[in-house]
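This report refers to the structure that appears directly beneath it.
The values are calculated or read from the model by the stated rules, or taken from the named source; none is laboratory data. Here the structure is a predicted model, which is why all the values come from computation and not from measurement. When we count neighbours, we look across all protein chains shown, and the Cβ atoms used for this are built from the backbone with ideal geometry, even at glycine. Just the protein is used for accessible areas: all its heavy atoms, side chains included, with ligands, DNA and RNA removed. Shrake-Rupley method; radii C 1.70, N 1.55, O 1.52, S 1.80 Å.
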Amino acid sequence: MNQHDDFAAVELPMAAATPLAYALVNRIAADHGVRVLAIKGPLLQKLGLRSQKVSGDADVLVEPSKMSEFCDVLAGYGWRDREVRFSPSILDPHSRTLIHGNWPCDIDVHSYFPGFFGNAGDVFDFLWESRIERELAGVLVVTPSRVANGVITLLHLLRNSSSARHDAQYTEVMTALAQDMDAEQLFMLGRLADVGRCRQVMETELKQLGVDGPFNDLTASELARWEINRRTSPQATTGGWLYAITAADWRSKISIFISAIYPSTEELRKDPGMAESDPPGTGQDAGEAAAAGHPDVALRISKPFQEPGELNGHLVQGA
(Lines give C-alpha, C1' and ligand atoms only; values in the text may rest on other atoms or scores of the structure.)
Protein backbone atom coordinates (compact mmCIF):
# COMPACT_ATOMS: atom_id res chain seq x y z
CA MET A 1 0.00 0.00 0.00
CA ASN A 2 1.25 3.44 -0.87
CA GLN A 3 2.16 5.63 2.10
CA HIS A 4 -0.43 8.22 1.02
CA ASP A 5 -3.34 5.86 0.30
CA ASP A 6 -5.16 7.01 3.43
CA PHE A 7 -5.90 10.38 1.75
CA ALA A 8 -9.03 8.84 0.23
CA ALA A 9 -9.96 5.80 2.31
CA VAL A 10 -13.72 6.05 1.78
CA GLU A 11 -15.78 5.76 -1.39
CA LEU A 12 -16.53 9.22 -2.75
CA PRO A 13 -19.35 10.33 -5.03
CA MET A 14 -18.09 12.02 -8.17
CA ALA A 15 -19.64 15.37 -7.24
CA ALA A 16 -17.49 15.45 -4.08
CA ALA A 17 -14.42 13.67 -5.44
CA THR A 18 -13.53 16.05 -8.26
CA PRO A 19 -13.45 19.26 -6.15
CA LEU A 20 -11.46 17.35 -3.52
CA ALA A 21 -8.99 16.22 -6.19
CA TYR A 22 -8.45 19.85 -7.21
CA ALA A 23 -7.85 20.76 -3.57
CA LEU A 24 -5.48 17.82 -3.13
CA VAL A 25 -3.40 18.75 -6.19
CA ASN A 26 -3.29 22.39 -5.07
CA ARG A 27 -1.92 21.37 -1.66
CA ILE A 28 0.61 18.87 -3.06
CA ALA A 29 1.87 21.47 -5.56
CA ALA A 30 2.31 24.07 -2.82
CA ASP A 31 4.12 21.59 -0.57
CA HIS A 32 6.57 20.70 -3.37
CA GLY A 33 7.12 24.19 -4.74
CA VAL A 34 5.58 23.49 -8.15
CA ARG A 35 3.41 26.09 -9.87
CA VAL A 36 0.07 24.52 -10.81
CA LEU A 37 -3.14 26.18 -11.99
CA ALA A 38 -6.56 24.57 -11.68
CA ILE A 39 -8.58 24.90 -14.89
CA LYS A 40 -11.99 23.93 -16.30
CA GLY A 41 -14.44 21.80 -14.33
CA PRO A 42 -16.17 23.30 -11.28
CA LEU A 43 -13.96 26.42 -11.50
CA LEU A 44 -16.12 27.54 -14.42
CA GLN A 45 -19.21 27.52 -12.24
CA LYS A 46 -17.38 29.44 -9.50
CA LEU A 47 -16.38 32.05 -12.08
CA GLY A 48 -19.86 32.38 -13.55
CA LEU A 49 -18.84 30.93 -16.90
CA ARG A 50 -21.19 27.96 -16.96
CA SER A 51 -24.10 26.43 -15.09
CA GLN A 52 -23.63 23.66 -12.54
CA LYS A 53 -22.31 20.39 -13.87
CA VAL A 54 -20.55 17.38 -12.34
CA SER A 55 -17.06 16.89 -13.80
CA GLY A 56 -15.39 13.49 -13.96
CA ASP A 57 -11.82 14.76 -13.88
CA ALA A 58 -9.73 17.48 -12.30
CA ASP A 59 -7.82 19.43 -14.97
CA VAL A 60 -4.65 21.23 -13.93
CA LEU A 61 -2.01 23.14 -15.87
CA VAL A 62 1.54 22.69 -14.56
CA GLU A 63 4.58 24.76 -15.44
CA PRO A 64 5.89 22.88 -18.50
CA SER A 65 9.42 22.27 -17.19
CA LYS A 66 7.99 20.51 -14.12
CA MET A 67 5.51 18.24 -15.90
CA SER A 68 7.36 14.94 -15.41
CA GLU A 69 8.55 15.89 -11.94
CA PHE A 70 5.06 16.73 -10.75
CA CYS A 71 3.55 13.53 -12.17
CA ASP A 72 6.25 11.62 -10.27
CA VAL A 73 5.24 13.48 -7.11
CA LEU A 74 1.58 12.53 -7.66
CA ALA A 75 2.67 8.93 -8.19
CA GLY A 76 3.90 8.99 -4.59
CA TYR A 77 0.27 9.61 -3.60
CA GLY A 78 -0.98 6.65 -5.62
CA TRP A 79 -1.87 8.43 -8.88
CA ARG A 80 -0.64 6.47 -11.90
CA ASP A 81 -0.92 6.93 -15.65
CA ARG A 82 -4.03 5.50 -17.26
CA GLU A 83 -2.92 2.92 -19.81
CA VAL A 84 -4.43 3.50 -23.21
CA ARG A 85 -3.73 2.00 -26.59
CA PHE A 86 -1.21 4.06 -28.51
CA SER A 87 -2.45 6.19 -31.37
CA PRO A 88 -0.71 9.07 -33.16
CA SER A 89 -1.59 12.65 -32.26
CA ILE A 90 -2.24 15.44 -34.74
CA LEU A 91 -1.48 18.16 -32.20
CA ASP A 92 1.52 17.89 -29.89
CA PRO A 93 1.04 15.77 -26.74
CA HIS A 94 -0.16 18.00 -23.94
CA SER A 95 -1.49 15.97 -21.02
CA ARG A 96 -1.27 12.85 -18.91
CA THR A 97 -4.35 11.25 -17.38
CA LEU A 98 -3.74 9.92 -13.87
CA ILE A 99 -6.00 7.50 -12.01
CA HIS A 100 -6.17 6.23 -8.44
CA GLY A 101 -7.76 3.02 -7.17
CA ASN A 102 -9.59 4.84 -4.37
CA TRP A 103 -10.84 7.81 -6.37
CA PRO A 104 -13.66 7.75 -8.96
CA CYS A 105 -12.30 10.80 -10.83
CA ASP A 106 -9.17 11.27 -12.93
CA ILE A 107 -6.56 13.99 -12.74
CA ASP A 108 -5.58 15.41 -16.14
CA VAL A 109 -2.18 17.09 -15.89
CA HIS A 110 -1.52 19.49 -18.79
CA SER A 111 1.85 20.94 -19.76
CA TYR A 112 0.12 23.31 -22.20
CA PHE A 113 -3.36 23.72 -23.57
CA PRO A 114 -4.07 23.02 -27.28
CA GLY A 115 -5.00 26.15 -29.18
CA PHE A 116 -2.20 28.15 -27.60
CA PHE A 117 0.54 28.09 -30.23
CA GLY A 118 2.82 30.41 -28.27
CA ASN A 119 5.77 29.17 -26.21
CA ALA A 120 4.30 26.95 -23.49
CA GLY A 121 6.49 28.44 -20.78
CA ASP A 122 5.63 32.00 -21.75
CA VAL A 123 1.91 31.20 -21.81
CA PHE A 124 2.06 29.59 -18.38
CA ASP A 125 3.99 32.53 -16.94
CA PHE A 126 1.36 34.94 -18.25
CA LEU A 127 -1.47 32.86 -16.80
CA TRP A 128 0.39 32.60 -13.48
CA GLU A 129 0.97 36.34 -13.23
CA SER A 130 -2.78 37.01 -13.50
CA ARG A 131 -3.82 34.10 -11.26
CA ILE A 132 -6.65 34.33 -8.77
CA GLU A 133 -8.00 32.03 -6.05
CA ARG A 134 -11.38 30.35 -5.78
CA GLU A 135 -12.82 27.98 -3.19
CA LEU A 136 -13.27 24.30 -3.97
CA ALA A 137 -14.07 21.72 -1.29
CA GLY A 138 -13.51 24.36 1.37
CA VAL A 139 -10.00 25.14 0.12
CA LEU A 140 -8.71 28.10 -1.89
CA VAL A 141 -7.16 26.81 -5.11
CA VAL A 142 -5.06 28.77 -7.59
CA THR A 143 -6.59 29.27 -11.03
CA PRO A 144 -6.09 31.57 -14.05
CA SER A 145 -8.13 34.76 -14.29
CA ARG A 146 -11.77 34.61 -15.30
CA VAL A 147 -10.96 35.79 -18.82
CA ALA A 148 -8.17 33.21 -19.15
CA ASN A 149 -10.44 30.42 -17.94
CA GLY A 150 -12.97 31.53 -20.54
CA VAL A 151 -10.36 31.43 -23.29
CA ILE A 152 -9.17 27.96 -22.23
CA THR A 153 -12.76 26.69 -22.28
CA LEU A 154 -13.41 28.18 -25.71
CA LEU A 155 -10.21 26.63 -27.10
CA HIS A 156 -11.34 23.28 -25.73
CA LEU A 157 -14.67 23.62 -27.54
CA LEU A 158 -13.19 25.03 -30.74
CA ARG A 159 -10.71 22.23 -31.23
CA ASN A 160 -13.56 19.74 -31.46
CA SER A 161 -16.19 19.53 -34.15
CA SER A 162 -19.49 21.18 -33.36
CA SER A 163 -22.11 19.30 -31.36
CA ALA A 164 -25.31 20.35 -29.60
CA ARG A 165 -23.65 20.03 -26.19
CA HIS A 166 -20.65 22.07 -27.21
CA ASP A 167 -22.81 24.67 -28.88
CA ALA A 168 -24.69 25.18 -25.61
CA GLN A 169 -21.46 25.50 -23.62
CA TYR A 170 -20.00 27.82 -26.23
CA THR A 171 -22.98 30.16 -26.05
CA GLU A 172 -22.92 30.10 -22.26
CA VAL A 173 -19.23 31.04 -22.04
CA MET A 174 -19.37 33.70 -24.75
CA THR A 175 -22.45 35.31 -23.18
CA ALA A 176 -20.84 35.37 -19.73
CA LEU A 177 -17.60 36.90 -21.02
CA ALA A 178 -19.38 39.54 -23.10
CA GLN A 179 -21.65 40.62 -20.23
CA ASP A 180 -18.77 41.35 -17.87
CA MET A 181 -16.14 42.57 -20.35
CA ASP A 182 -14.60 45.87 -19.27
CA ALA A 183 -11.53 47.79 -20.46
CA GLU A 184 -9.13 45.96 -18.13
CA GLN A 185 -10.41 42.50 -19.07
CA LEU A 186 -10.38 43.42 -22.75
CA PHE A 187 -6.73 44.47 -22.47
CA MET A 188 -5.86 41.18 -20.71
CA LEU A 189 -7.75 39.22 -23.36
CA GLY A 190 -5.75 40.89 -26.12
CA ARG A 191 -2.47 40.27 -24.30
CA LEU A 192 -3.32 36.60 -23.76
CA ALA A 193 -4.21 36.26 -27.45
CA ASP A 194 -0.79 37.71 -28.31
CA VAL A 195 1.27 35.66 -25.87
CA GLY A 196 -0.73 32.52 -26.55
CA ARG A 197 -0.78 33.01 -30.33
CA CYS A 198 -4.43 32.03 -30.47
CA ARG A 199 -5.70 34.99 -32.49
CA GLN A 200 -6.32 33.05 -35.68
CA VAL A 201 -8.13 30.09 -34.11
CA MET A 202 -10.25 32.49 -32.03
CA GLU A 203 -10.74 35.25 -34.59
CA THR A 204 -14.55 35.14 -34.50
CA GLU A 205 -14.68 35.10 -30.70
CA LEU A 206 -12.09 37.83 -30.21
CA LYS A 207 -13.86 40.13 -32.66
CA GLN A 208 -17.19 39.57 -30.91
CA LEU A 209 -15.61 40.38 -27.54
CA GLY A 210 -14.03 43.59 -28.87
CA VAL A 211 -10.40 42.67 -29.64
CA ASP A 212 -8.91 44.37 -32.69
CA GLY A 213 -6.78 42.61 -35.34
CA PRO A 214 -4.57 41.49 -36.91
CA PHE A 215 -5.47 37.84 -36.47
CA ASN A 216 -3.17 35.90 -38.79
CA ASP A 217 -0.63 34.70 -36.21
CA LEU A 218 -0.19 31.06 -37.30
CA THR A 219 1.93 29.41 -39.95
CA ALA A 220 0.13 27.50 -42.70
CA SER A 221 1.31 24.22 -41.15
CA GLU A 222 0.05 25.13 -37.67
CA LEU A 223 -3.33 26.15 -39.01
CA ALA A 224 -3.59 22.98 -41.12
CA ARG A 225 -2.91 20.76 -38.11
CA TRP A 226 -5.49 22.62 -36.03
CA GLU A 227 -8.16 22.30 -38.74
CA ILE A 228 -7.41 18.63 -39.40
CA ASN A 229 -7.63 17.86 -35.69
CA ARG A 230 -10.93 19.72 -35.45
CA ARG A 231 -12.42 18.01 -38.47
CA THR A 232 -11.42 14.50 -37.39
CA SER A 233 -12.08 14.82 -33.64
CA PRO A 234 -15.27 12.67 -33.65
CA GLN A 235 -13.06 9.79 -34.87
CA ALA A 236 -9.91 10.86 -33.03
CA THR A 237 -8.06 7.54 -33.26
CA THR A 238 -8.83 7.02 -36.94
CA GLY A 239 -7.99 10.63 -37.71
CA GLY A 240 -4.67 10.37 -35.90
CA TRP A 241 -3.60 7.30 -37.84
CA LEU A 242 -4.68 8.79 -41.16
CA TYR A 243 -2.78 11.97 -40.41
CA ALA A 244 0.35 10.03 -39.41
CA ILE A 245 0.23 8.02 -42.64
CA THR A 246 -0.32 11.16 -44.69
CA ALA A 247 2.51 13.08 -43.04
CA ALA A 248 5.03 10.21 -43.22
CA ASP A 249 7.48 9.61 -46.05
CA TRP A 250 6.63 6.76 -48.41
CA ARG A 251 8.95 4.28 -46.69
CA SER A 252 7.22 4.82 -43.36
CA LYS A 253 3.63 4.76 -44.60
CA ILE A 254 3.45 0.96 -44.83
CA SER A 255 4.88 0.32 -41.36
CA ILE A 256 2.53 2.89 -39.79
CA PHE A 257 -0.43 1.35 -41.63
CA ILE A 258 0.53 -2.10 -40.34
CA SER A 259 0.79 -0.74 -36.78
CA ALA A 260 -2.72 0.65 -37.12
CA ILE A 261 -4.25 -2.56 -38.48
CA TYR A 262 -2.17 -5.11 -36.52
CA PRO A 263 -1.54 -3.69 -33.02
CA SER A 264 0.47 -5.82 -30.63
CA THR A 265 -1.22 -7.97 -28.00
CA GLU A 266 0.04 -5.56 -25.36
CA GLU A 267 -1.59 -2.62 -27.12
CA LEU A 268 -4.84 -4.52 -27.56
CA ARG A 269 -5.00 -5.19 -23.83
CA LYS A 270 -4.98 -1.45 -23.23
CA ASP A 271 -8.10 -1.08 -25.38
CA PRO A 272 -11.27 -1.46 -23.27
CA GLY A 273 -13.05 -2.78 -26.34
CA MET A 274 -10.77 -5.81 -26.58
CA ALA A 275 -10.71 -8.81 -24.24
CA GLU A 276 -7.37 -9.54 -22.57
CA SER A 277 -7.48 -13.03 -23.99
CA ASP A 278 -7.74 -11.89 -27.60
CA PRO A 279 -4.98 -13.54 -29.64
CA PRO A 280 -2.42 -11.62 -31.69
CA GLY A 281 -3.81 -10.52 -35.02
CA THR A 282 -7.26 -9.68 -33.65
CA GLY A 283 -6.45 -6.11 -34.58
CA GLN A 284 -7.22 -7.00 -38.19
CA ASP A 285 -10.90 -7.26 -37.29
CA ALA A 286 -10.75 -3.89 -35.60
CA GLY A 287 -9.02 -2.39 -38.61
CA GLU A 288 -11.55 -3.88 -41.01
CA ALA A 289 -14.39 -2.60 -38.83
CA ALA A 290 -12.90 0.87 -38.86
CA ALA A 291 -12.54 0.74 -42.63
CA ALA A 292 -16.12 -0.46 -42.97
CA GLY A 293 -17.22 2.60 -41.03
CA HIS A 294 -15.14 4.79 -43.33
CA PRO A 295 -15.56 3.45 -46.89
CA ASP A 296 -13.22 6.10 -48.25
CA VAL A 297 -10.42 5.04 -45.91
CA ALA A 298 -8.16 3.77 -48.70
CA LEU A 299 -8.52 7.01 -50.61
CA ARG A 300 -7.93 9.04 -47.44
CA ILE A 301 -4.71 7.18 -46.72
CA SER A 302 -3.21 8.19 -50.03
CA LYS A 303 -4.84 11.61 -50.42
CA PRO A 304 -6.80 12.64 -47.34
CA PHE A 305 -6.46 16.32 -46.52
CA GLN A 306 -5.22 18.34 -49.50
CA GLU A 307 -2.57 20.39 -47.68
CA PRO A 308 0.40 19.88 -50.03
CA GLY A 309 3.74 20.93 -48.62
CA GLU A 310 2.27 21.92 -45.26
CA LEU A 311 1.77 18.65 -43.38
CA ASN A 312 5.05 18.25 -41.53
CA GLY A 313 3.28 16.21 -38.86
CA HIS A 314 4.59 14.24 -35.95
CA LEU A 315 3.95 10.59 -35.12
CA VAL A 316 3.73 11.14 -31.39
CA GLN A 317 1.87 9.67 -28.46
CA GLY A 318 -0.73 11.62 -26.56
CA ALA A 319 -4.06 13.27 -27.11
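Ranked from the most accessible area to the least, with a 1.4 Å probe and all protein chains present, what is the order of 65, 252?
The ordering from most to least exposed comes out as 65, 252.
Cα atoms only: what Rg and Dmax, in Å, come out for the range 24-163?
When restricted to Cα atoms, the range 24-163 yields Rg and Dmax of 14.6, 41 Å.
Ignoring ligands and nucleic acids, what accessible area does residue 95 show with a 1.4 Å probe (Å², nearest 10)?
Looks like 40 Å² after rounding.
Residue 74 accessible area, nearest 10 Å², 1.4 Å probe?
0 Å²
If I model a spin label as a point 7 Å beyond the Cα along the Cα-Cβ vector, how far apart are those points for residue 184 and residue 82 in nm?
In this crude spin-label approximation the distance works out to 3.8 nm.
Sorting 175, 18 by accessible area (1.4 Å probe), largest first, what list results?
Descending accessible area places them as 175, 18.
Relative contact order for the range 32-133: what percent, with Cα pairs under 8 Å and sequence separation of 6 or more?
Details: 128 pairs, mean separation 29.0, N = 102.
That works out to 28 percent.
Quickly work out the residue 253-to-residue 132 label distance, labels modelled 7 Å from Cα along the C-beta direction, and quote it in nm with one decimal.
My value for the distance between the label points is 5.2 nm.
Please compute, for the alpha-carbon atoms of the range 76-229, the extent along each of the three principal axes and give them in descending order in Å.
For the range 76-229, the Cα spread along each principal axis is 48, 40, 34 Å.
Per residue and in cubic angstrom, what volume does the convex hull of the Cα atoms of the range 104-179 have?
So the per-residue Cα hull volume is 134 Å³.
Heavy atoms only, probe 1.4 angstrom, no DNA, RNA or ligands counted: give me 253, 207 ranked by accessible area, highest first.
These residues rank, largest area first, as 207, 253.
How much accessible area does residue 34 have with a 1.4 Å probe, in Å² rounded to the nearest 10?
Roll a 1.4 Å probe over it and residue 34 shows about 10 Å².
Please report the orientation-averaged projected area of the range 146-197, defined via the convex hull of its C-alpha atoms, in nm².
Working: hull surface 14.1 nm².
Result: a mean projected hull area of 3.5 nm².
Using a probe radius of 1.4 Å on heavy atoms only, what accessible surface per residue do you get for the range 148-210? Whole Å² is fine.
Here the per-residue accessible area is 44 Å².
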